[in-house]
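The values are calculated or read from the model by the stated rules, or taken from the named source; none is laboratory data. In this text, all values refer to a predicted model and were calculated from it rather than measured experimentally. Neighbour counts run over all protein chains shown; Cβ positions are idealised from the backbone, glycine included.
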Amino acid sequence: MHHTSQGMYKKDILAKSINLEVFKTTLGCLLIFFLLVIASRLVGYYEQAAEGSIDPSIIIPVIALRMPDFITLLIPLSFFLGVLITTSRLYGDNEIYAIFSGGKSLIDIIKYLLPQAFLFLVLTASLSLNIAPYTKAMSKELMASKSFSEKILSIRPNELTKIGNGNYIEAKTIQDGVLQDVMFMSGDIGSAALVFSKKLLISDSNNTSNIIFKDGIIYADVINPDKQVITRFGEFDYDLDTSSDSSKKARLNKVYDFEEKSNDANFQWNLSIPLTIINLLFLGIFVGKAKPRQGRFGGIIPGLFIYMLYISLLVASRESMMTGGFLSSFGLWWVHALFLLLSLLYLSKYYLNFEFNILSSNSISKRAIITVSIFILLMWLVA
């Protein structure tokens, strides 16, 4: 009885120690990445403000509304790095062998970390499925309303001004927020349309990018006179596309500012982010294994490659679903299945003791290839 209680006490001490170290490392990584994302967003928004695309006064409120969205994707990465760094340190300092000599294994360490992984999974799922979509939509509405109205009202008389995506406006005078004697051009070079109207004003409806022309004429398809259509109107409502300019200038737009063309793809993406945590727990434990000559953090580079590949495949699959590509029928679930298979391979290697060193970074050449691959995947996500 005495030995049993003593074993349970050692087990509790070990579980608390490993969980505390992983939790502290996770919080440290989360804080660093969060500050980097915030700094990147601030730079991007202030660049847009300097160009007159958005109102500078909305930058801080928009950043605050986007925080749940930023944190959602950073939690799995931070937890993965927390597990990876802790495991590598245990190997590097030879503490893991003391754990093994006490009758414990890597599977026991995974069991110790499962409650913490479940806690992060529930938190990430709550943010990803409920809070982040709502606050992200609010930030888009705020940016659209402020940037659009400010842009319209800041138009100078007799000066051609770009509004939204491929739209240009020129007005002779502006009085009380109403543009007088307006010329509006819309469309690409192959199918441009011209609108001449006596007045233009911003709609009071919920659609903040809607403008209203009064008493004018439309010349459709002006590039092709044979197909040209001329229409006179008393009042004409037009919805401008104002979203694309700001999203193209944003950093990490493939991750944070993608176009939500498919509700199914968007739902699978929001659900996939928390689901990665379970796979990343297993991969962090097994990939973090470092040989004595590799140093304390020998598994970091292969681990980062696995994470970047995981996220990149999810992004590629989401974009395929939105465009109807060849991966669209599989959704995002095949990516999770692929990395679950990778986790099972590492698990089989551990139990059956067979060689599986495809991501081992022992040699300099292999380490260089993995590092270059990480850089390429990162550049693709940032672009």
### Query
Does segment 110-121 contain at least one residue that is at pLDDT below 85, more than 17 Å from the chain's Cα centre (by Cα), buried (at least 19 other Cβ atoms within 10 Å of the Cβ) and in the same structural domain as Lys16 (by TED's automatic domain parsing)?
no
### Message
Looking for something crowded, with 16+ Cβ neighbours inside 10 Å, at pLDDT 75 or above, aliphatic (A, V, I, L, M) and in contact with a helix residue (DSSP H, G or I) (Cβ under 8 Å, 6 or more places away or on another chain) - is there at least one such residue anywhere in segment 358-367?
### Response
no
### Query
Say we look at segment 44-85 and pick out the residues that are touching a Lys or Arg at 6+ places or on another chain (Cβ under 8 Å) and among the aliphatic types (A, V, I, L, M); which of these is nearest to Ser139 (Cα to Cα)?
Leu65
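For (1) within 15 Å of the chain's Cα centre (by Cα); (2) within 25 Å of Gly299 (Cα to Cα); (3) surrounded by 18 or more Cβ atoms within 10 Å (Cβ to Cβ), each residue gets a yes or a no:
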residue	(1), (2), (3)
Cys29	no, yes, yes
Tyr46	no, no, no
Ala50	no, no, no
Ile60	no, no, no
Ala64	no, no, no
Ser78	yes, yes, yes
Ala98	no, yes, no
Leu129	yes, no, no
### Task
Kindly indicate the residue of segment 136-165 that is closer than 30 Å to Arg66 by Cα and assigned to a loop (DSSP other than H, G, I, E, B) and also modelled with the highest pLDDT among those meeting that condition.
Ile155
### Task
Filter segment 72-124 for residues that are among the small types (Gly, Ala, Ser), assigned to a helix (DSSP H, G or I) and farther than 20 Å from Val287 by Cβ and give the result.
Ala98, Ser101
### Query
Which residues, counting only those in segment 309-342, are under 26 Å from Leu281 (Cα atoms) and part of a loop (DSSP other than H, G, I, E, B)?
Gly331, Leu332
### Exclusive hit being at pLDDT 90 or above, farther than 29 Å from Gly288 by Cα and not polar (S, T, N, Q), set Ile63, Ile75, Ile58
Ile63
#### Entry: Those residues of segment 31-44 which are in contact (Cβ under 8 Å) with a residue 40 or more places away in the chain and either surrounded by 18 or more Cβ atoms within 10 Å (Cβ to Cβ) or of a type in the set (Gly, Ala, Ser) (or both), in sequence order
Phe33, Val37, Ser40, Arg41, Gly44
